[in-house]
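Below: one structure, written as structure tokens.
Just so it is clear, none of the values below were taken in a lab; they were calculated from the coordinates. No experiment lies behind these values; they were computed from the predicted model shown. Here the Cβ is made from the backbone with ideal geometry for all residues, glycine too, and neighbour counts use every protein chain on show.
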Amino acid sequence: MNQEERKTAIRRMRVLVAAACILMLLYGLRLIFLQLVNGDDFKSQATNTTDYKFTVTAARGDIVDSRGERIATSVTGYNVVLNKLLMGDEDLDGMLQKIVELLRANGESWNDTLLISQPDAAGNYTFTAEEGSTRDQKALAAMKDNLGLQQYATANDVMEKLVEDYDLASYPLSWQRTLGGIHYEMQLQAFSNVNNFIMAENVSEATVATIKEHSLSLPGVEIVETSTRSYEQSTVLPHVLGRVGKITAEKWKVTDENGQTTYPLREKGYNMNDIIGISGLESAYEDELRGKDGVETITRNSDGVIVDTALTTVPEPGHTVQLTIDSRFQKAVDKALAENIDMINRVYNTGSMKAAAGAAVVLDVKDGSVLAASNYPSFDQNLYATQYSEYSADESLPLFNRALQGLYTPGSTFKPAVAVAALDSGLINQYSTVFCNGVYTFYKGYSPRCTRHGHSGNIDVVTAIKWSCNVFFYDVGRRLTSDVYDAYAYKLGLGQRTGVEVSEAVGHLTSKNDSNYMESLDVQAAIGQGNTVVTPIQLATYAATLANNGTRYRTHFVKAILDSNTGEVIRETQPEVMDIIEGTGNTFELVRQGMRQVPSTITNSKISSYPIAIACKTGTPQRSETYAPGKHYLNAMIIAYLPADDPEIAIGITVEYGGYGARTGDLVVDIANAYFALKDGSLAQQAEEEKEAEQAKQDGSQTDAAGQTAAGQTADTAAPQAGQTAPAAQDAAPEGPAADTAQPAVQDGPDVAQAEQNPDAIAPEN
């Protein structure tokens, strides 16, 4: 190669190298541009992922007693959940069959609210909704509406719709019903890529293991931990605690009178299948007890492959609600009430009519906090779901909250309110008297009587309260009129809400606006008859107000709201004054003198000799039912506070068909003993000993039952298990109505015509 050719070759080489360098530079710049400017877009296009977010339910807060002992708590449970996102192209109905068979093998049920029976031999279906059940009929109507059917649609029409919508015609009829029911639940739960389906709830650990063993053949079927409500002290305040349950369709979708539909719970962050408080404190404190749900994020690429699962928001548990009651004292009052009713039946009500029910409420005089609210009979929270039919069919109404919602004629427990009104208004003073010879003769043709136990002649207000003189209060009531003494009774806490956090009955005070009003009702209402009806918790509030010389505090069950993690007090309930009667002169002093002397008039009772002074007033109001012409069945009532000189607790008691109010004197003493035992610590020891004795009894019963079974005897011969108490009084249901409740107020006391015909209408007090 000559020199010229060499130069030419070098020039070409340089050009090639330069061109290559330019190309490399251009490619480099392009890569930089793609990386820096459009990198995220190209990355997304390359991966093409989608995030799906699922709710992780937070644990519900606990409800504890004043010492922090748990009453209601959340425990870990397990649900069988279907995740549509993870199922892919799996045959849904085939998978559902597998799951159902696994659940059946373990004795589990699955969610199915379809009100349709299994097919009969002819392949026909029927509705399972009870004709007389309003709840069932509303659910049936909602089911037809959800499926887009007319209300006249038959059960066969419903199944035909489900079979068509979900292509179930190829399956046997029994499977059509099973799969149709599950698909209906999926519809209700809005099953989708972003909303899982809860197929079965609170399954056993055996079922958990079975599902996990078959996980490879059940893609998208998951075992999800969840919180379920458990009641560690299931017999403590069941009526007040209330219940939790799933959000109903009625609460989820609300349509107003103008046809406008809203979803108020969804707007508050709830999902359709969430658990929510539906009654009692569970409902009243829903916002506190409900935790903050977490979020789980599942990321899927364009090929349908799950590339990531992460807990992107950690759930936070709800707050703890602390009550004012000590569960040990509550149980002691429950026991005392049951024993008092049993005593009344053994000693006094030996005939066919038995005292079958009652209530007792105990308050802290100084701040209005509820120390105990007992109902007899009662029920077990943990057995509510499984024994609801038995509870609801029981004529003694164990589900009825008598303490807060039972309306009762107060009888002579009302007399201290009339005395306060007469003294404070200036109608009478400590020296004023009314002559009592056993008959009130102011009206012509109407002469109500007085029993005159221990008194006659000129009676002052203290003596009138002590001996429960009807004539004194007839006369004072007539002169005051119901307008005046009812105004005082109202301020003392009767005939109005006490302020408790849960539902309570309002009651009623006899008024000139009553449809049956006549002047003589003023004298009947002055002794707590007429149309006046009140609740036991009102009686306790009233007693506390008398003990406080006219200061009425808001009655309440909740002591504080606590942080569930730290126990720190977030908010504490402060005493709240609802009303005050200033009281002129010695108004309350005189009333309290009279009430302090009442125990001395109650014979054959521990209350007359109790070493600590008790102030009380008994009541023996008539019920509407009669056992003979002019002879009415009676309720036993009492209000009390103690110690009389420096009150700490106030009590209101009702025993249905209990007879004379004096019969509840022993119950007041039993409550007082439990209270002082609580204060000195001995109640704790008693509670522990009773717990050990009960455990030993159960162990012995189980041993005996095992031996009897081995000998070929039936399981029915075994002793009752825990939570299955059967007091003697409960077995003997009254022949008449179980409760003097939910009736027009006028029916709870004698009407005027009746009183005119029967001058002995008012029964003796003591």
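Based only on the alpha carbon positions, what is the Kirkwood hydrodynamic radius of segment 364-428, in angstrom? That comes to 15.4 Å for segment 364-428.
The convex hull built on the alpha-carbon positions of segment 180-293 has an orientation-averaged projected area of 10.3 nm². Legend: residue pairs Lys144/Lys251; Lys138/Lys292; Lys335/Lys679; Lys512/Lys617; Lys366/Lys491; Lys466/Lys631, Cα-Cα distance threshold 21 Å; pairs beyond threshold, Lys138/Lys292; Lys512/Lys617; Lys466/Lys631.
Remark on Gly358: its backbone amide H falls under 5 Å from those of Tyr376, Glu656, a criterion applied only to residues 5 or more positions apart or on other chains, H modelled at 1.01 Å from N. Normalised by residue number, the volume inside the convex hull of the Cα atoms of segment 140-226 is 139 Å³ per residue. Listed values for segment 82-97 are Karplus-derived 3J(HN,Hα) couplings in whole Hz (6.51 cos²θ - 1.76 cosθ + 1.60, θ = phi - 60°), namely 9, 9, 4, 4, 7, 6, x, 9, 4, 4, 5, 5, x, 5, 4, 4, and x replaces Gly and Pro.
Note down the Stokes-Einstein diffusion coefficient of segment 190-242 in µm²/s, whole number, using a Kirkwood radius over alpha carbon pairs, 10 °C, and 1.306 mPa s. Rounded, D is 113 µm²/s.
Multiplying the residue separation of Arg12 and Ala385 by 0.36 nm and subtracting their alpha-carbon distance yields 124.8 nm. The alpha carbon convex hull volume per residue for segment 499-554 rounds to 101 Å³. The loop-placed trypsin sites (Lys or Arg not before Pro) in segment 490-519, going by DSSP, that have at most 16 neighbouring Cβ atoms within 10 Å of their Cβ come out as Lys512.
Under 19 Å from a point placed 7 Å out from the Cα of Ser109 along the Cα-to-Cβ direction: which residues of segment 116-151 have their backbone N that close? Once the point is set 7 Å along Cα→Cβ of Ser109, 116-119, 126-131, 133-140, 143 turn out to lie under 19 Å by backbone N, inside segment 116-151. The alpha carbons of segment 247-378 give a radius of gyration and a Dmax of 24.8, 82 Å, in that order. The label-point distance for Asp157 and Thr312, in a model that sets each label 7 Å from Cα toward Cβ, rounds to 4.5 nm.
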